[in-house]
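Down below is the structure, laid out as structure tokens.
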Amino acid sequence: MSTVIDPVCGMNVDTGQARNVVHDSKHYYFCSRHCMDKFVADAGKYLQPKLIQPVAPIPLSAIPSTPSSSSGYTCPMHPEIIRNEPGACPICGMSLETLNAMIEDNAELHDMTRRFWVSSALALPVFVLAMVMDLVPQIIPDDVSMTLLIWIEFALATPVVLWGGWPIFQRGWTSLVNRNLNMFTLITLGVSVAWIYSMVAMLLPEIFPPTMHTMGGMVPVYFEAAAVIMALVLLGQVMELRARSQTSTAIKLLLGLAPKTARIVHANTKGELIVETDIPLEQVQPGDVLRVHPGERVPVDGVVLEGSSALDESMVTGESIPVAKIAGARLIGATLNGTGSLLMRAERVGAKTLLAQIVHMVSVAQRSRAPIQRLADVVASYFVPAVVLAAFATLAAWGIWGPEPRLAHAIVNAVAVLIIACPCALGLATPMSIMVGIGRGAQLGVLIKNAEALETMEKVNTLVIDKTGTLTEGKPKLVSIIALHGFSEQLLLQLAASLERASEHPLAAAIINGAQDKGCMLTAVTEFRSITGMGVIGTVEGYAVALGNLKLFETLKINAGELSTRAEVLRNDGQTVMLLAVNNTAAGLIAVTDPIKESTQSAIRTLHEQGVQVIMLTGDNRVTAEAVARKLGIDRVEAEILPEQKVSVIKQLQAQGRIVAMAGDGINDAPALAQAQVGIAMGTGTDVAMESAGITLVKGDLRGIVHALHLSRATVRNIRQNLIFAFVYNVLGIPVAAGVLYPMFGLLLSPIIAAAAMSFSSVSVIANALRLRKLQL
């Protein structure tokens with residue numbers, strides 16, 4: 001059996017199971033009756049299909065596949081900035097992060113840590129010395145002059161400012177050159193003013209007014225402020241870099257799941273297994289036969305050739321219950337084998353494995369920008385210039401109306417304003433939460449394509465669901481056989497299955513499989529004929545057999561009798577019913593159903609508790625659809641509709657002000673997925689559906705929608721907490737630093753305290769975002 005391309009829609013089709021037609025002595029294969037009819041109507045438009053290799057059924061090719069070796073660096077706050085080498089963002093000045101989650105790039109963290117410890121060792125004695133000079137000068141020996149102590153402060157503080165703070169000054173200067181003012185602009189201005197003022201006061205004290213001179217004839221200096229502020233800024237950078245490295249923990253955990261080696265099985269020319277050899281995972285090629293022993297991880301995506309076991313797929317799908325695997329079952333790379341030994345064939349390797357594509361998708365999504373980020377961007381664009389103006393206003397106000405020494409008070413308070421105002425916390429509020437939230441979703445089998453989908457999901461109040469494959473398993477099963485007097489169930493099932501073996505109807509496989517499970521021997525069919533929209537007829541073992549709906553019976557002038565009533569009862573239970581006649585006499589009926597997924601009912605109940613209205617759209621007949629809806633407690637049903645009508649229903653809901661999420665798994669769902677505010681594709685569905693969706697559920701389980709909703713609401717709530725904290729911090733911090741409390745309480749904010757508060761604001765925002773890593777769904 002080979003796989004070909006449907007010449008109409010481009011889908012992959014197995015030749016042994018596909019519909020086919022012969023045109024000009026050539027065979028053409030189709031995935032659906034629609035495609036075949038379209039081909040026949042315009043056969044000259046198409047060419048003979050080209051044979052291709054089989055493809056794995058987990059269709060995640062919609063996720064952009066990028067080799068894991070891709071390199072580059074980007075800014076967490078401005079993902080449009082891409083550089084080939086590490087450095088600082090030209091817009092905000094933040095350190096660039098590697099695009100490749102597999103690279104442990106801690107060079108900047110090591111550099112900042114070294115600068116922090118050296119600066120702290122120098123700043124501490126400067127701070128102690130300054131405190132002694134200001135608070136207990138009487139303990140200073142008489143033979144030690146104030147001038148000497150100030151020169152000692154200068155000698156200790158200058159390396160801290162010029163060497164320890166060099167990266168900060170570089171970013172501050174870049175921000176001025178690029179006219180993108182940011183937190184480093186403020187720090188550079190504040191520390192520079194304090195250090196330069198102190199230098200001038202030390203070297204040229206005579207140029208200052210007499211009111212500023214102390215008893216020793218010296219002018220107060222602020223070397224300790226410049227040194228301690230820079231040490232605290234470096235501490236903030238170290239803490240921030242460490243915290244930011246933890247936001248990619250989810251990706252690193254996923255990458256760590258893959259084994260380093262694979263055990264390849266070699267065979268001789270007779271096909272006998274002779275040796276198993278361990279090889280690096282990178283050397284595995286599609287088609288290789290691999291052995292997976294109990295307790296080992298599956299090296300790559302593939303299919304079981306021999307053996308049986310139960311595999312833990314929770315690390316990829318989020319489902320904790322082990323999944324049974326037998327010959328022919330699909331395996332996902334990095335999942336954990338249970339107690340059985342498996343022989344498998346590799347199909348997807350390297351960057352094409354499900355795990356690699358999940359890692360890439362998460363990495364791209366983490367760098368996307370949420371709409372709520374625009375608010376922070378607009379505020380930040382005006383914030384830094386406003387802070388600089390506030391600092392100048394503080395300088396002027398204290399210089400004109402402040403107490404003596406006015407100039408000293410003016411400089412200290414202006415520096416405090418510059419230092420405390422940290423737009424970094426405002427800028428980090430959204431991207432940090434997005435990175436952690438999307439990473440947590442990946443661990444739970446919820447793949448989010450971009451930040452906009454994550455944010456919009458939080459507002460969803462209407463969920464539109466396709467029935468087949470979403471609410472149900474998508475695999476119809478034989479459930480009922482009713483035989484009238486004079487016929488046995490075994491005979492009817494044998495006749496129906498033999499007849500359906502020549503049919504192309506989607507439900508034929510359910511009847512055939514059901515018959516084989518019950519031990520029926522299928523026989524040849526002659527005079528087979530398919531009547532569109534009614535059913536099939538043919539001769540089986542001398543019996544004239546007709547299988548279809550009531551219209552078929554009416555066409556053949558067969559009296560259905562009591563079968564009509566019995567069929568309606570089964571339809572009301574959600575079953576699809578086919579009437580069976582033998583030799584022009586009603587003989588019985590056969591019913592199949594697409595079983596509802598076990599988790600569907602509890603998931604819908606949870607969605608209702610969250611205030612989400614659930615609407616089912618399906619092409620199935622209304623009686624069956626309404627029966628399923630009653631069982632599940634679905635709010636509204638739209639049955640017997642075409643794909644384009646699904647789009648119309650979603651547009652109507654949107655026109656009513658509803659925020660709509662659409663969940664589906666088929667090609668026919670793609671237009672509706674694209675129309676909805678949030679499209680949710682089942683991981684068991686088609687590539688086209690995933691291409692149109694903003695969220696993909698690896699498990700293909702409706703509980704994943706509940707998880708996505710909880711994750712979205714928790715993430716957006718976390719973003720709002722961060723933004724509120726950043727706004728409140730700056731709204732309260734700047735006036736306090738400017739000295740508004742001085743007239744009433746005589747309180748002034750030291751620039752050193754301002755620097756500590758500034759560092760705390762950024763770190764606290766990141767720490768709050770990291771709480772999402774422990775989110776339980």
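The values are calculated or read from the model by the stated rules, or taken from the named source; none is laboratory data. Every value quoted in this text rests on a predicted model; they were computed, and no experiment measured them. Positions of Cβ are backbone-derived with ideal geometry, glycine not excepted, and every protein chain shown enters the neighbour counts. What goes into the accessible areas is simple: the full protein's heavy atoms, side chains included, and nothing from ligands, DNA or RNA. Shrake-Rupley method; radii C 1.70, N 1.55, O 1.52, S 1.80 Å.
General remarks:
- Pairing residues of the range 505-533 that are at pLDDT below 80 with residues that are basic (Lys, Arg), at Cβ distances under 8 Å and at least 6 apart in sequence or on separate chains, gives Gly533/Lys551.
- Restricting Val219, Val132 to residues that are surrounded by 13 or more Cβ atoms within 10 Å (Cβ to Cβ), in contact with a Phe, Trp or Tyr (Cβ under 9 Å, 6 or more places away or on another chain) and farther than 24 Å from Ser759 by Cα narrows the list to Val219.
- Of the listed requirements (1) open to solvent by less than 30 Å² (accessible area, probe 1.4 Å); (2) more than 30 Å from Leu257 (Cβ to Cβ); (3) outside any helix (DSSP H, G or I), Leu426 misses just one: (3).
- When Ala560, Ala567 are checked against the criterion of being part of a helix (DSSP H, G or I), of a type in the set (Gly, Ala, Ser) and open to solvent by less than 40 Å² (accessible area, probe 1.4 Å), Ala567 stands alone in meeting it.
- Of all residues in the range 264-323, those satisfying the criterion of being modelled with pLDDT under 85, polar (S, T, N, Q) and open to solvent by less than 80 Å² (accessible area, probe 1.4 Å) are Asn268, Thr277, Ser314, Thr317.
- Inter-residue pairs, beta-carbon under 6 Å, first touching a residue at least 60 places away in the same chain (Cβ under 8 Å) and at positive phi and in the range 721-750, second open to solvent by less than 30 Å² (accessible area, probe 1.4 Å) and of a type outside the set (Asp, Glu), 6+ apart: Gly739/Asn413
- Among the residues here, Leu563 qualifies as closer than 27 Å to Thr523 by Cα, modelled with pLDDT under 90 and in contact with a strand residue (DSSP E or B) (Cβ under 6 Å, 6 or more places away or on another chain).
- Number of the exception - Ala755 against (1) in contact with a Leu (Cβ under 6 Å, 6 or more places away or on another chain); (2) open to solvent by 10 Å² or more (accessible area, probe 1.4 Å): (2)
- Count of the range 451-495 residues which are of a type in the set (Asp, Glu), surrounded by fewer than 22 Cβ atoms within 10 Å (Cβ to Cβ) and under 16 Å from Gly664 (Cα atoms): 1
- Checking each residue in the range 598-620 for being open to solvent by 10 Å² or more (accessible area, probe 1.4 Å) and not small (Gly, Ala, Ser) picks out Glu598, Gln601, Arg605, Thr606, His608, Glu609, Gln610, Gln613, Asp620.
- Take the conditions (1) closer than 24 Å to Gly190 by Cβ; (2) in a helix (DSSP H, G or I); Leu747 misses just one of them, which is (2).
- If the condition is being among the aliphatic types (A, V, I, L, M) and within 18 Å of Thr539 (Cα to Cα), then the range 550-589 contributes Leu552, Leu556, Ile558, Met578, Leu579, Leu580, Ala581, Val582, Ala586, Ala587, Leu589.
- Selection count, the range 534-544, where residues are of a type in the set (S, T, N, Q) and at pLDDT below 90: 0
- Filtered residues of the range 719-750 (kept if touching a Gly at 6+ places or on another chain (Cβ under 7 Å) and open to solvent by less than 10 Å² (accessible area, probe 1.4 Å)): none
- When Arg605, Arg571 are checked against the criterion of being basic (Lys, Arg) and at pLDDT below 90, a single residue qualifies: Arg571.
- Subset of the range 578-603 (residues that are part of a strand (DSSP E or B) and in contact (Cβ under 8 Å) with a residue 60 or more places away in the chain): Met578, Leu580, Val582, Ala586, Ala587, Gly588, Leu589, Ile590, Ala591, Val592, Thr593, Ile596
- Scanning the range 124-171 for residues that are hydroxyl-bearing (Ser, Thr, Tyr) and within 56 Å of the chain's Cα centre (by Cα) yields a total of 1.
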